[in-house]
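A short write-up of the structure that comes next.
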Amino acid sequence: MSALLEVDHLEVNFGGRVSAVRGASVTVERGETHCLVGESGCGKSVTALAVMNLLARGARRSAKRLAFEGQDLTGLSDSGMAHLRGNAMAMIFQEPMTSLNPAYTVGSQMTEVLRRHKKTTQRAATDRAADLLARVGITAPGLRLGQFPHQLSGGLRQRVMIAMALMCDPKLLIADEPTTALDVTVQAQILRLLAGLQRDLGLGMLLITHDLGIVARVAHRVSVMYAGEVVESAPTAELFANPKHPYTKGLLRCVPVPGKIRRDEPLGSIPGTVPRIGPGFEGCAFRERCDFADATCAHTVPRHAAGVAHDFLCRLPA
Amino acid sequence: MSVVSVTAGPKRGWKSISTWIGAMIVGIAMICAIFAPLLVPHDPFAQDLSKRLLPPFWMEGTNPDYILGTDQLGRDYLSRLIWGCRISVLIGVTVTVVSALIGITIGVLGGFLGGRVDDAVLFAITTRLSIPVVLVALAVVGLLGSSMTLLVLTLGLLLWDRFAVVARSTTMQVRNLDFVAAAWCAGCSRFRILSGEVLPNIASHLVVVATLEIALAILLEAALSFLGLGVPPPLPSWGLMIAEAKDYMFFSPWVIVIPGVALFVLVLGINLLGDGLRDMFGARTDP
Amino acid sequence: MLQFLVRRLIVAILVAATVMTLAFILTRLSGDLAISIAGPNATQADVETVRKAYGLDRPLTVQFFDWVGRAATGDLGESYFFKTKVSKLIGERMPITVTLGLTGLVIALLVSLPLGILAAVRENTALDRVVQMVALLGQAMPSFWLGLILMITFGLQLGWLPISGTGSWQHYVMPGIVLAFSAIPALTRLTRAGMIQAMGSDYIRTARAKGLSRASILLKHALRNAAIPVVAIAAVQLGFMLGGSIVIEQVFALHGVGFLAWESIGKNDFPVVQAVVLVLAVIYVALTMVADLMNAVLDPRLRGP
């Protein structure tokens, strides 16, 4: 059986000038949480939007293979894609404050997804919406259904977004930094909720984050993105224990791990920022910031396998 | 590899073309207005009843001396058109000067001082917007008799609202900028800050408003003159020309087409120029 | 919300009072009204009679408060020329003006909303440019001249529509179109800007992520939010259209309130003139309040938490 989501050599550029994603490959298996990590601007959100075909106008998307449950998405018509979105594949976003339409009630925004994709009555849709609101930990769901987004807090709105994404029993949930805009205490709650839902409902989840703490707690598999490329991909434990790519190593050094770090040891940081890359760029994008870079890094770098299901993109040997 | 979505980026070329067209129209109108006495081929006021309603050049039976024909009193239409341009431009500019003085003063005061003063300014704007402009202008001219000065003053007193709205909102924005705060701290007087910091920074917005207001004033003058309560005859205002020619329009439509098209083109030109300036300055003009 | 309405109502009353004062001053600008009413051939005695009969011999302040006091109870005085109650005159003529104004507004909305939506959806394409050009052309069009051109074309040459008068609904088509022209540019631009803003918002991305149909995204999710400023401006435009209908009523010989005011100006019938100014101002203020209420219906955030 094919994987739930296969992305092979995805390329996205804006107006032919900026290459946001350069040959990224990601595979999400059924019932697995796959985390996409990287600094802001590394192309992880664009990758998610490209999968959903939600890129802004002016963006160009291409891929060797982009398939959901074995079905090719690149050749799918707009309406064919619309029938998948919100239905078998759902997405939640970083900005809960603005992602709900201010003019309609929570209930009406939730039920319209179900009524769009499944044959059902308004009554049944409302019942399902109330069940799901309860499921995502919202008390008094009946009351909330009749409320407008501006009457809810950020954490509640994100819970509503999650419940709304689950209306049609999706097989794949893409969550684009779902906790970034929230208070720290609420972040933990939402994360626990997502992890629980993923496990209980057997969701395949593509979770985008820049927070390695989150990755360590919920991911089965991690792909590290840098400047539009997946530079390293491995099962979570393997990646944390045995990082290969200098960038991954740098990222992991930035995370304080209690007990493993001496009190007065400075936290690591990677000097510089993610470069903007245009078409025709060659070689390793990290070489400007890398301690191990040499002249060969300006040329095409090889992808190595480093054990089972672990590969990375670097001139250094495994 | 398959390409899924391609969209071209914005093109701005047409915008600059339309701005140039606008500037050209306005330029020609200014030349006509300033040099009207030199440009007119005939005396625009000289009647010759033997040459009434001669058709313009594209029709049959024309007289080559009168390219755009003559009106119902035998006056040369081209000369009257050029003279009318002078009147339109004159009224547009003077009305805008009057309304700009009023509007900018109260708008800047409201925006700069805030509080009670601003409440009063907002109230004045609301009241002004509730007054039907055409009706009141007609009533004033109707009661006091038509003259150019009265017309300019009346329209000037009625059309300051957009200046006030834009001056007020832009002043508020400028007031809160860092360099203005710095000027306060440096101990500059209110007057220094207003004239040295605020006005230069809101000027570009006001220039764009001015183009809109000139266009509006020209249209209103034409409408009032058309109703017989604007520019007094025998002055050849385009609105008055249309009103006087109205009785003949069913037989010779060109008598109203010519001044109407002139009016339309002039106002369009001013608006095109104003649009171009707005894009250039990045100015806001919506209330 | 209630507090907001009360405050708006107070402002409305203050505006009405100010307009009344201005209208009163306006009609007294010409100096001695009695002379102009009595006519050019009147003797000194005639003028005195007129002055007494109309109460113009009283001090101006007395006249003013008399008018304000009566107007507050709905009595707008008596027309000098028609010799009837001004309120009755305006009441008779108002349906024509309101019909004209509403016709104009409906036509304007029918044109601007689709044009604005199309231009927004096809932003920066040739279609968008054409729509913006149409808005510019509409803004430059002298309404009375457009009226005459329509009369020549559709009335005389094609014979499709009646040229003047108020006999049937067809009589309102041409004046309605002309009046609509004054509102179309602003409404189109606003619809376009609102739709562009809405289409770029996060909630539209959510709607797309939900797989909703294009029609639902555009018309349910985007238009609802884009309509909020449009409604406010549409109400204001209707107010302007009622005030501006004086020109068009004259062109098409529609005997509405504007026509009445125009006639009365010519006859120095100042109670009618000042009453029409006041009534139009009050209608305008009322329309802005209606717009606020409609916005509260469209935008739940305005209704409070």
Computed [θ] at 222 nm, deg cm²/dmol, the protein assembly as shown (DSSP H ≥ 4; -39,500 (n - 2.57); rounded to nearest 500): -18500 deg cm²/dmol
Using distinct alpha-carbon pairs, which all enter the 1/r mean, Kirkwood radius of the range C:38-181 in Å: 19.8 Å
Cross-link reach list, lysines versus residue B:246, counting only Cα pairs under 20 Å and skipping chain neighbours closer than eight places: B:51
Long-range amide H partners of residue B:70 with built H, under 5 Å: B:53, B:54, B:77
For chain B, built as a Gaussian network whose Cα springs stay under 10 Å, the top-fluctuating residue of B:195, B:99, B:204: B:195
Order of B:24, A:110, C:195 under a 10 Å beta carbon neighbour criterion, fewest first: B:24, C:195, A:110
Rounded if a/c under 1.5, otherwise prolate or oblate - the range A:96-167, Cα gyration tensor axes: prolate
C-alpha center-to-center spacing [the range B:228-287, the range C:70-123] in angstrom: 25 Å
Cysteines in chain B lacking a second Cys C-beta under 4.7 Å: B:185, B:188
Sorted by Cβ density within 10 Å, fewest first, the residues B:58, B:20: B:58, B:20
Modelled FRET efficiency - R0 45 Å, residue A:295 with residue A:184, Cβ distances, 0.05 increments: 0.50
Hz values of 3J(HN,Hα) by residue in the range A:113-124 - Karplus curve (6.51, -1.76, 1.60), Gly and Pro given as x: 5, 5, 5, 6, 9, 10, 7, 7, 8, 4, 4, 5
Rg/Rg_ref, chain B, where Rg_ref = 2.2 N^0.38 Å and atoms are Cα: 1.22
Residue A:217 paired with residue A:124, simple spin-label distance in nm, labels 7 Å along Cα-to-beta-carbon: 3.7 nm
Virtual spin-label span in nm between residue C:214 and residue C:293, 7 Å along Cα→Cβ: 3.9 nm
Helix axis angle, C:270-298 relative to chain C longest principal axis, alpha carbon, degrees: 20 degrees
Among C:244, A:117, C:120 - extreme Cα towards positive end, dipole of the protein assembly as shown, charges at beta-carbon: A:117
The protein assembly as shown, Cα convex hull volume normalised per residue, Å³: 241 Å³
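Which shape class applies to chain C: rounded if a/c is under 1.5, otherwise prolate when a/b exceeds b/c and oblate if not, where a ≥ b ≥ c are the square roots of the Cα gyration tensor eigenvalues?
Oblate, since a/c reaches 1.5 and b/c is not below a/b.
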Inter-centroid distance (Cα atoms) of the range A:137-192 relative to the range A:275-318, Å: 38 Å
All aspartates and glutamates inside 17 Å of residue A:171 as judged from Cα atoms, apart from same-chain residues fewer than 8 positions distant: A:6, A:29, A:32, A:69, A:72, A:200
Cα gyration tensor category, rounded, prolate or oblate, for the range B:28-77 with a/c compared to 1.5: oblate
From phi via Karplus (6.51, -1.76, 1.60), per-residue ³J(HN,Hα) for the range A:74-88 in Hz, x at Gly/Pro: 5, x, 6, 6, 4, 6, x, 5, 4, 6, 7, 5, x, 10, 8
Lys, Arg +1 and Asp, Glu -1 on Cβ, resulting dipole of the protein assembly as shown about Cα centre, debye, nearest 20: 2160 debye
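Counting other beta carbons within 10 Å of each Cβ, put B:94, C:188, A:296, A:111 in order, fewest first.
Sorted ascending by nearby Cβ count, the order is A:296, B:94, A:111, C:188.
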Positive-pole candidate from C:273, C:231, C:174, dipole of chain C, charges at beta carbon: C:231
Label zone at residue C:303 (point 7 Å along Cα-to-Cβ), backbone N below 13 Å, the range A:87-107: A:103-107
Under-5 Å amide H pairs with residue A:225, H placed in peptide plane, nonlocal only: A:37, A:38, A:231
Euclidean distance between Cα centres, the range C:232-290 to the range C:174-213, Å: 29 Å
Residue A:17-residue B:97 pseudo-label distance in nm [points 7 Å out on the Cα-to-Cβ vector]: 4.5 nm
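For residue C:202 and residue B:116, what is the calculated FRET efficiency with R₀ set at 30 Å and r taken between the beta-carbons, to the nearest 0.05?
0.15
Placing unit charges on C-beta atoms (Lys and Arg positive, Asp and Glu negative, everything else neutral), compute the dipole magnitude of the range A:96-167 about its Cα centre in debye, rounded to 20. All intermediate terms of the calculation are to be shown ahead of the outcome.
Details: 10 positive and 3 negative charges, 41 e Å.
For the range A:96-167, the charge dipole is close to 200 debye.
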Derived scalar couplings ³J(HN,Hα) [the range A:238-252; Karplus, 6.51 cos²θ - 1.76 cosθ + 1.60; whole Hz; x for Gly, Pro]: 4, 5, 5, 7, 9, x, 10, 6, x, 5, 4, 4, x, 4, 5
Proximal aspartates and glutamates relative to residue A:249, as straight alpha-carbon distance under 13 Å, when same-chain residues fewer than 8 apart are discounted: A:232, A:238, A:291
Entries of C:52/C:267; A:64/C:210; A:118/C:220; A:44/A:119; A:44/A:64; A:44/C:210 with Cα pairs more than 24 Å apart: A:64/C:210; A:44/A:119
Of C:259, C:82, C:144, the one that fluctuates the most in a GNM where chain C has Cα springs shorter than 10 Å: C:82
If the convex hull is drawn through the Cα atoms of the range C:192-305, its volume per residue in Å³: 121 Å³
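Values in this text are rule-based calculations from the coordinates and carry no lab data. Treat the numbers as computed from the prediction; the structure is a model and nothing was measured. Virtual Cβ from ideal backbone geometry, glycine too; neighbours counted across all protein chains shown.
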